[in-house]
1. Considering only residues that are touching an Asp or Glu at 6+ places or on another chain (Cβ under 9 Å), farther than 16 Å from Trp104 by Cα and not in a helix (DSSP H, G or I), which ones fall in the stretch 120-141?
2. Any residue in the stretch 23-39 that is modelled with pLDDT of 90 or more and more than 15 Å from the chain's Cα centre (by Cα)?
3. Tally up the residues in the stretch 97-107 that are in contact (Cβ under 8 Å) with a residue 60 or more places away in the chain and over 12 Å from the mean Cα position of the chain (by Cα), please.
4. Kindly check whether there is at least one residue in the stretch 16-30 that is free of Cβ contacts under 8 Å to residues at least 60 places away in the same chain, surrounded by fewer than 19 Cβ atoms within 10 Å (Cβ to Cβ) and in a helix (DSSP H, G or I).
5. Tell me, which residue of the stretch 53-69 that is among the charged types (D, E, K, R) and not in a helix (DSSP H, G or I) is surrounded by the most Cβ atoms within 10 Å (Cβ to Cβ)?
6. Condition test on Asp76, is it in contact with a Pro (Cβ under 9 Å, 6 or more places away or on another chain), surrounded by 14 or more Cβ atoms within 10 Å (Cβ to Cβ) and modelled with pLDDT of 90 or more?
7. In the list Asn149, Asn117, which residue meets the criterion of being part of a helix (DSSP H, G or I), among the polar types (S, T, N, Q) and either crowded, with 16+ Cβ neighbours inside 10 Å or at pLDDT below 95 (or both)?
8. Looking at the stretch 35-52 only, could you name the residues that are assigned to a strand (DSSP E or B) and within 16 Å of Ile107 (Cα to Cα)?
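The values are calculated or read from the model by the stated rules, or taken from the named source; none is laboratory data. As the structure is a prediction and not an experimental result, all values here were calculated from the model. Cβ coordinates were reconstructed from backbone atoms using ideal geometry, including for glycine residues, and neighbour counts include every protein chain displayed.
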Amino acid sequence: MDDGSFDPKTYTRRNSNRLTSYDYRSSGAYFITICTEKRQRVLEIPIMHTAVREKWHQLPQRFPTVRLDEFVIMPDHVHGMLWLDGTLKDAPTVGRVVGAFKAWVTIVWRNYHTEANLPCLSHLWQRDYYEHVLRNADDVVLTREYILNNPLKALVDDHKGSPKSIIPSMGEKQEAG
């Protein structure tokens, strides 16, 4: 392809989920989901679980205009809600905050492999992340509930189809124990 045929206004590498006219440093609440590459269940590894939790809680130290809300670590992804104060000069975008978080945890991931003398053959995170701008109080409440209930939902989903479900069906009697 010669240089004259490339038009960055018409060519994009991938579709974006971002709102085209939205300023992602605007004040407000954001729901974030970050998944591991190929949905690897590596966040169950104790050192990784601890690193994810610690790095999430360090975000306000790196970005003073960021406030944290609910957060949950699943085996292959994380859900979190954060608030940005975009009224201050040099307020970060959501992407900058997420990028820093992913980079910090990736450093721990690589060090884990180095210290265990294991090859690190894959990326830790998927290339992008999911974000949703929370637009009103109801959206914030529903998102908090979703984040907090996600581990139970995953447990129930994991046990669907197994010979004996962990949650009895309606009308099914539980054995005394």
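1. Ser122, His132, Val133
2. Step one: of the stretch 23-39, the residues modelled with pLDDT of 90 or more are 28-39.
Keeping just the survivors that are more than 15 Å from the chain's Cα centre (by Cα) gives 28.
Scanning the stretch 23-39 turns up at least one residue that is modelled with pLDDT of 90 or more and more than 15 Å from the chain's Cα centre (by Cα).
3. 0
4. For the stretch 16-30, residues free of Cβ contacts under 8 Å to residues at least 60 places away in the same chain, surrounded by fewer than 19 Cβ atoms within 10 Å (Cβ to Cβ) and in a helix (DSSP H, G or I): absent.
5. Filtering the stretch 53-69 down to residues among the charged types (D, E, K, R) leaves 53-55, 62, 67, 69.
If we keep only those that are not in a helix (DSSP H, G or I) too, we end up with 67, 69.
Details: Arg67: 14, Asp69: 16.
Of everything passing the filter in the stretch 53-69, Asp69 is surrounded by the most Cβ atoms within 10 Å (Cβ to Cβ).
6. no
7. Asn149
8. Here is the first cut: in the stretch 35-52, the residues assigned to a strand (DSSP E or B) are 35-36.
Once the filter is applied, which keeps residues that are assigned to a strand (DSSP E or B) and within 16 Å of Ile107 (Cα to Cα), the stretch 35-52 yields only Thr36.
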